[in-house]
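Pasting in a structure now, in structure tokens, and then I'll have a few things to ask.
The values are calculated or read from the model by the stated rules, or taken from the named source; none is laboratory data. These numbers come from a predicted model, not from an experiment. For neighbour counting, all protein chains shown are included, and Cβ atoms are generated from backbone atoms with ideal geometry for every residue, glycine included.
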């Protein structure tokens, strides 16, 4: 049985300021929680139905945590999502310093002010699929530990390192020879351009694209061309930020096969 | 000033059954409404703030409709979205028969039971960007005229023909030589496979993929490989349906450049 105090502490985690004070976040859903139990994340508490605990005993043992049995009704009092799942975990926020040089020989994504939780979660899922080494977020990017972001990663949060920092500071700390890619209307056709297997790929804000203070670090401007044949004199103005990320990651990675 | 009867009629359009009875749907947001005014869609009514009407006089003339001036407060009573926009249009649902043979020499998408409104809208936007000729939806796919779908198309609904039909009927009406592509775990690596510039690309349901009754029509099985280097013994299980659509459309179209 959940105490009133537990319910209050967990519900407080829906707000970023409380996540920062408590240094922990909510993760819900069977696949996501199991992925976290298998990862290096530290689980502070696990609330689940007796059925879920019975079916997932091996995974639970990995988390080195004694789960607390609760009813679905109790879970509905602490869920941060629209649909209640049979398991909810409280997970420690890891602390991590960003060392630009540690990304020197890798391909990483840098997100410049991504605001939509669904986009951030989907981008992390794409990074996981395409073997991207890390995701570096501007300080204005939506919080990774927002319950909607955690959910949208579909478990990829357990595998992809995500850091928040000033992108200008991060990019200025890279060696001068380091490739920095960004998408611009006047960029070169990505399908025809030579792409490196290491570097930083900058993804811009949903409405405004890449900001001026970040754009000046870009060494290679890219563009995903439209293949629209016109129609009513117009075509789609842009691709969604996570869709563009997928197309870009696909182009970078297929070349090294 | 909106009458109580107008408010009632418009709010009824949030439900599919009422859209089918009235044969019209709600479109909101300046870019979307302007795209529809420039398209072959017929606008039945236009509700907008005086400021919006003043700034968009040329577009409004194209719609051959006299806009009704309303306040933002009145718009908030009829919006189907979380955020009220300065313009809302009531648009006729066009009637269209699906003729499989008319897609004979084109590249089209066929959606097998896409349930998420955001996914359907994003897929239509991708189809617009990549010059896909049409989107054929199974009868179980979420309704195109759902306000969240209309919104997520970001105006591409004005340019891409979308039809609902039984996919089995549609596919069985195609010539035997017609290519039908689908994504399967056991499919061939899409990056290495030869792809045609015409055919049908089937996109499966978010959880269950392509259904058995549709899979039997597939002539070419594809697979988007993961480039994950592992990590905690696992990687992302799948890509989101709209993200996979983007990667597939990108692969089909870059080859014909």
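Name every residue in the stretch A:7-61 that is free of Cβ contacts under 8 Å to residues at least 12 places away in the same chain and in contact with a helix residue (DSSP H, G or I) (Cβ under 8 Å, 6 or more places away or on another chain), in order of residue number.
A:12, A:18
Only one of these is within 30 Å of residue B:18 (Cβ to Cβ) and within 13 Å of chain A (Cβ to nearest Cβ): B:245, B:229. Name it.
Answer to the selection: B:245.
Across the stretch A:36-49, which residue is surrounded by the fewest Cβ atoms within 10 Å (Cβ to Cβ) among those that are more than 18 Å from residue A:79 (Cβ to Cβ) and in contact with a strand residue (DSSP E or B) (Cβ under 9 Å, 6 or more places away or on another chain)?
Among them, the one singled out is A:42.
Related question: Suppose the filter is in contact with a helix residue (DSSP H, G or I) (Cβ under 6 Å, 6 or more places away or on another chain) and within 14 Å of another protein chain (Cβ to nearest Cβ); does residue A:188 pass it? I'd like the intermediate steps shown before the answer.
Values: in contact with a helix residue (DSSP H, G or I) (Cβ under 6 Å, 6 or more places away or on another chain): no; within 14 Å of another protein chain (Cβ to nearest Cβ): yes.
Considered against the rule, which asks whether it is in contact with a helix residue (DSSP H, G or I) (Cβ under 6 Å, 6 or more places away or on another chain) and within 14 Å of another protein chain (Cβ to nearest Cβ), residue A:188 comes out as no.
Follow-up. Taking the criterion of being under 14 Å from the mean Cα position of the chain (by Cα), part of a helix (DSSP H, G or I) and either within 11 Å of chain A (Cβ to nearest Cβ) or under 21 Å from residue B:183 (Cα atoms) (or both), would at least one residue in the stretch B:132-139 satisfy it?
No, the conditions are met nowhere in the stretch B:132-139.
With the structure loaded, tell me whether residue B:4 is in contact with a helix residue (DSSP H, G or I) (Cβ under 6 Å, 6 or more places away or on another chain), at pLDDT below 95 and either outside the structural domain of residue B:160 (by TED's automatic domain parsing) or loosely packed, with under 14 Cβ neighbours inside 10 Å (or both) or whether it fails that test. Don't jump to the end; show me each part of the working.
Details: in contact with a helix residue (DSSP H, G or I) (Cβ under 6 Å, 6 or more places away or on another chain): no; at pLDDT below 95: yes; either outside the structural domain of residue B:160 (by TED's automatic domain parsing) or loosely packed, with under 14 Cβ neighbours inside 10 Å (or both): yes.
Spelling it out, it is not the case that residue B:4 is in contact with a helix residue (DSSP H, G or I) (Cβ under 6 Å, 6 or more places away or on another chain), at pLDDT below 95 and either outside the structural domain of residue B:160 (by TED's automatic domain parsing) or loosely packed, with under 14 Cβ neighbours inside 10 Å (or both).
If you don't mind, there's one more thing I want to ask. State whether one or more residues within the stretch B:145-155 are under 12 Å from the mean Cα position of the chain (by Cα), assigned to a strand (DSSP E or B) and either modelled with pLDDT of 95 or more or buried (at least 24 other Cβ atoms within 10 Å of the Cβ) (or both).
no
Mind checking whether some residue in the stretch A:160-183 is within 14 Å of another protein chain (Cβ to nearest Cβ) and more than 30 Å from residue A:65 (Cβ to Cβ)?
Looking for residues that are within 14 Å of another protein chain (Cβ to nearest Cβ) and more than 30 Å from residue A:65 (Cβ to Cβ), one finds at least one in the stretch A:160-183, hence yes.
Which numbered condition in (1) closer than 21 Å to residue B:128 by Cβ; (2) at pLDDT 90 or above; (3) under 21 Å from the mean Cα position of the chain (by Cα) is the only one that residue B:98 fails?
Failed condition: (2).
Got a sec? Which of A:221, A:193 is more than 11 Å from every other protein chain (Cβ to nearest Cβ), in contact (Cβ under 8 Å) with a residue 12 or more places away in the chain and surrounded by fewer than 16 Cβ atoms within 10 Å (Cβ to Cβ)?
Sole residue among the options that is more than 11 Å from every other protein chain (Cβ to nearest Cβ), in contact (Cβ under 8 Å) with a residue 12 or more places away in the chain and surrounded by fewer than 16 Cβ atoms within 10 Å (Cβ to Cβ): A:193.
Against the conditions (1) more than 8 Å from every other protein chain (Cβ to nearest Cβ); (2) within 27 Å of residue B:121 (Cα to Cα); (3) out of contact with any helix residue (DSSP H, G or I) (no Cβ under 6 Å at 6 or more places or on another chain), where does residue A:237 fall short? Just the number, please.
(1)
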